[in-house]
Each structure stands twice: as structure tokens, then as C-alpha cells.
Amino acid sequence: MHVEFLGTGAGLPSKNRNVTSIMLHLEQERNALWMFDCGEATQHQILHTSIKPRKIEKIFITHLHGDHIFGLPGLLSSRSFQGGVDPVTIYGPKGIKAFIETSLTISCTKLSYPIKIIELTEGVIFEDQQFIVSAKKLQHGVECFGFLMEEKESPGPLLVDKLKAEGIEPGPIYQEFKSNETVDLANGNTVKSEDYIGKPKPGKRLAIIGDTRAHDAIIPFVQGVDLLIHEATFAADQETLAHEYFHSTTVQAATIAQQASTKKLILTHISSRFQNEDMEVLQTEAQQLFSNTTIAHDFYQATID
């Protein structure tokens, strides 16, 4: 499981950064991709990657400002031309349904696959055998949500060495240990499967916090995540501007990461006022408070450990 940043800028595209979009790669877990936000020209960014749009299963929209949604109608349309047939579910604040349906209707766009649009409320918005996804309202100028993705724990490994040590050789009986509570052995004994299964493997946890003023309510929502992705539109000395425009500074995001005991912090949604030569200063501001901090750039990738 890893994330790929297709756009890391705030408000409008610049020469160095496109506007916001993040891809969560779940090819190994479910042969799928999950996208978070889809700013203008996201599909152009995809052309510079190995991403296959037909594998996009879900799209999560934090809020309805243009730098987070203007690329969505084009992406949905192009997915048809690129052979997409599997359904796509789109999650977003109230109004996302009208935006998508109006864009597709007025442009006479007919998709080759079904879409399902879910307008968000706080709480669990998706759950299956593998994942739970929750949404949390943030503090922005319009309704905006953060997302928490939690992978469910996977069964522990079969303790093959222990089985062999007790004379239970490889064969179909090993599958019984994985699927049955008890197993009848050839010698007539019955054993508990749990005695031959290792500890469950905990799932990975990722939080993506969209545009927001930094506030304490975020802390319990992202507590202990393996990776926190948080906007940092402004520098540490621009706290007044950040508050006025409903955004966060580098240090405010690092404070959230520190207080929530997250393992890693990646900053994104960087104002176009900052150039490449400013990134080291911005990153240092955050690292002084939370050392495991990185500022993402377009096409940056990070594995969720």
C-alpha cells in the first residue's frame, strides 16, 4: 500500500505544482486504486505515471472548491475511452452529485460504466471485509471533510515449523488449520487451529486531512495513524493569514502530528507563493516539532509502513 501525489499545490496550478490529487495504490490488497480529490489537469498528471484509470474504484472529494474538483468530469469521461467498465463510487460533500451530473449532462457525456455518488455525513462511510473509511468535518470556508482509512487486521501466519515438528506434514490438512476451528489428525487426535496460527497482523492506517484550520478535534480522529497527510498552505509565520483563509501552517500541521502520536507526516497543498528553494525552510519548520516530516512534490510516492 502506498500513496502517489498527482498534485500538491493550493488554489491554482504553478510551474512546479499542479492542484490537489492523491492516489492510494491498493493493487496488491484489492487490485484497485482510490483517489482523493481531482483538481484541474489531474488526468494530464496521470499520463506521466503508470496509473491505469480503469482501476480507480473509489474517489473521495474533500470539498467543492475548484482546485479539488475541476478535473473530475474530464477524468470520468476519459476513463470511458480508456476501457473502464467497472463501477466507480464517488464520495463528497452535499453538491457533488449536482456538479457531476450537470457536467456530464451538459457536455453530453455518456459513461461506459456505472457511477454511484454518495454525499457525505460524518462517521463511517464505507466498510467491507478489508477496510473501514470514516469521514470527519473540518474547519474550512465551505463544508470540507477529512478521511481515515483503516485496514482490518489480517489472520496470522500458519506456524509451519510447529506443525512439522509435531509430525504434521504439508498437504490439504494445512488449509483446514486456516479455515476450521479444530482439525482432526490422522492419529485420531483433534487439535485447535488457533494453537498453530501466529498473531494477527495489524492493518495499516492512513489519514488525509483536506483544507482546514488546525483544530484540536482532528487529533483523536488521526490518533496513532501510520501516515498523516495534512495540508500546509502557509509558513509558520503566516498563522494570521492561515486562520483568515481557513488553512493551516507547517507548524500547526506538525503540532497535530505530534499530539496525535502519528508515525509519519507528509505536508501538501502548498501555496504557489512558495518556490522550490523555499521547501527546505518550510520542511525544517515542521521538522523542528515533528522530525518525521516530508513535504510532498508532484509525483512523490510514499509507502505506508
Could you identify the single residue in Leu228, Leu282, Leu241, Leu289 that is surrounded by 22 or more Cβ atoms within 10 Å (Cβ to Cβ) and more than 19 Å from Lys137 (Cα to Cα)? Leu282
Could you list all residues from region 1-49 that are surrounded by 22 or more Cβ atoms within 10 Å (Cβ to Cβ), in a strand (DSSP E or B) and over 10 Å from the mean Cα position of the chain (by Cα)? Phe5, Leu6, Gly7, Gly9, Ala10, Val19, Ser21
State all residues of region 139-159 that are surrounded by fewer than 19 Cβ atoms within 10 Å (Cβ to Cβ), of a type in the set (A, V, I, L, M, F, W, C) and at pLDDT 95 or above; if no residue qualifies, say none. Val142
Residue, farthest from the chain's Cα centre (by Cα), within region 170-193, restricted to residues that are surrounded by 11 or more Cβ atoms within 10 Å (Cβ to Cβ) and of a type in the set (Asp, Glu): Asp184
For Ala217, all conditions in the list (1) within 21 Å of the chain's Cα centre (by Cα); (2) buried (at least 17 other Cβ atoms within 10 Å of the Cβ) hold save one; what is the number of the exception? (2)
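The values are calculated or read from the model by the stated rules, or taken from the named source; none is laboratory data. Predicted, not measured: the structure shown is a model, and the values here were computed from it. Neighbour counts run over all protein chains shown; Cβ positions are idealised from the backbone, glycine included.
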